[in-house]
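Peer 1: Provided herewith is a single structure, encoded as structure tokens, for subsequent inquiry.
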Amino acid sequence: MTAKELALLLSQRDIPLLGSTVNQIMALTEEEDAKSITEIGALISRDPALAALILRMANSSFFNPGGTRIYTLSRALIVLGLQQMRTLCYSAVLLETTVKTQFQDQVFPLLKKSLEMAGQAQFLAQKLGGDGNAYFLAGLLDQIGRIAFWCAGGEDADRLNAALLNGEAPAAAERRLLGFTLDQVNAELRGHWGLNHLQNLPTLNSINILKEATELVDGLQRKDLRFLENKLNGLRHYFRQSSQELLKSLRQVQEQSLAMVPMEWLQCQNPGARTLIWTDSDPTAQLQSIADMHAFPQTGAYLSTLLQTALEGLHRGGGWDLCVFAVRLSSGWVGKLKSGWHEGPAEDWGIEEIAISGSMTENWTRVQLKTDADRRVLYDGTYGAAGILRLKGKPAGLLYADRTRSARPVGPDQFQAFEIFYRQLNLILQNLQV
């Protein structure tokens, strides 16, 4: 397989989108005004995969029959319209709950770098009198091919990840296993998606904005002050600022970019070297999450957002390692929404005799997850908690939380938090309009 053939294959597969971003966009699209357009554009800018998808749609012959190239998200949103955005976001939420990347240690640093690239490219372009929005988008989508590979690369991604974990140099491992580098895949995929124009934006005062932004981001990440000083001395003439003032501005841009990055991304600095930080009970976070849950409109359109908010509240406020909303399928219980430190695709959870302790059909109970005959089965125990959620009085799914990954004991604070969120969810679901 060639780099072009792999790029074509990846282009036919969906890339997981950030559910939190999509859910916020769904809420904003309820209000059709200029403020919503601005806020939606800002949210989309945090997610390279979603930004690429929207730009592709806006430049398609269906939405853009005149063929005039659209470079910015604000213009793309006007062309698509809020109704189309709403439909797109609903599809993205479905995708987010069914497709998960196994390679977060590879994807998160790429997403983080993309945000930094976008911010620095916009800063440089604006300083030189150019269209900052176009260069922001170019920086944001600079690594989209690599992101696509780690999200949808299949067995090739499995093999390459194993090689990187064994310490093999990235470029050498890519050539040995793929026959080409991911830089080639990145370029081919951008071309296939019609995004090459963003990599060929005009220079400003003879400065290649993306090249300079890339070098500045790398220097800031390495904290290489000598390199940055030499680089900024070369740019000082164009910006009419001292090197020290420019460096201060670059750091501010970096801080602003990273302010949008979830903490989990920042904990994935090196592939295969994640540092796990376990949360403890936080009553303030619990109250905030519960307040957010009750603030959502009581309609089925916000069900995924409601459940995800509850899971994150349980994880961050209740101190559980993993929190899951699961639905019943013929194969068993399958996790659909998750929060906490857990990798990999949704897992089948077989539950023997659904009333584990004789009370789970009406209330929650303390449980333990074990492997039995190649299935994961819930039993009475003390490592987790589980309970049936009911929508209009009918079983709608299973709320589950555990501390098995950190092997920490589960205390009264965790069980109390589970009971609070379990009861609040059932209260909201009882009155939900579907």
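Peer 1: For the range 376-433, how many residues meet the condition of being charged (D, E, K, R), under 17 Å from residue 312 (Cβ atoms) and assigned to a strand (DSSP E or B)?
Peer 2: Number of matching residues: 1.
Peer 1: Would you check which residues across the range 151-165 are buried (at least 22 other Cβ atoms within 10 Å of the Cβ) and part of a helix (DSSP H, G or I) and list them?
Peer 2: Matches in the range 151-165: 151, 160.
Peer 1: Return yes when residue 301 is in the same structural domain as residue 405 (by TED's automatic domain parsing) and modelled with pLDDT under 75 and no when it is not. If you could, list the steps in order and put the result at the bottom.
Peer 2: On the way: in the same structural domain as residue 405 (by TED's automatic domain parsing): yes; modelled with pLDDT under 75: yes.
When the stated conditions are applied, residue 301 passes them.
Peer 1: Another question, if that's okay. Any residue in the range 177-197 that is in contact with a helix residue (DSSP H, G or I) (Cβ under 8 Å, 6 or more places away or on another chain), more than 13 Å from residue 3 (Cα to Cα), assigned to a helix (DSSP H, G or I) and among the aliphatic types (A, V, I, L, M)?
Peer 2: Within the range 177-197, none of the residues are in contact with a helix residue (DSSP H, G or I) (Cβ under 8 Å, 6 or more places away or on another chain), more than 13 Å from residue 3 (Cα to Cα), assigned to a helix (DSSP H, G or I) and among the aliphatic types (A, V, I, L, M).
Peer 1: Okay, moving on. Could you tell me which numbered condition residue 320 fails, if it satisfies all but one of (1) within 20 Å of the chain's Cα centre (by Cα); (2) not in a helix (DSSP H, G or I)?
Peer 2: It is condition (1) that residue 320 fails.
Peer 1: Return only the number of the condition from (1) surrounded by fewer than 23 Cβ atoms within 10 Å (Cβ to Cβ); (2) within 24 Å of residue 337 (Cα to Cα); (3) touching a residue at least 60 places away in the same chain (Cβ under 8 Å) that residue 127 does not satisfy.
Peer 2: (2)
Peer 1: Here is a list of conditions, (1) under 28 Å from residue 305 (Cα atoms); (2) modelled with pLDDT under 85; (3) in a helix (DSSP H, G or I), and residue 116 meets all of them except one; can you say which number that is?
Peer 2: The single condition residue 116 does not satisfy is (2).
Peer 1: Kindly indicate whether residue 404 is among the β-branched types (Val, Ile, Thr), under 17 Å from residue 339 (Cα atoms) and at pLDDT below 85. Walk me through how you get there before you give the answer.
Peer 2: Details: among the β-branched types (Val, Ile, Thr): yes; under 17 Å from residue 339 (Cα atoms): yes; at pLDDT below 85: yes.
When the stated conditions are applied, residue 404 passes them.
Peer 1: Among all residue pairs at least 6 apart or on different chains, which show Cβ distances below 6 Å where the first residue, located in the range 205-224, is in the same structural domain as residue 138 (by TED's automatic domain parsing) and the second is not in a helix (DSSP H, G or I)?
Peer 2: 205/128
The values are calculated or read from the model by the stated rules, or taken from the named source; none is laboratory data. Note that the structure is predicted; figures quoted are calculated from it, not measured. Note that each Cβ is placed from the backbone with ideal geometry, even for glycine, and that neighbours are counted across all protein chains shown.
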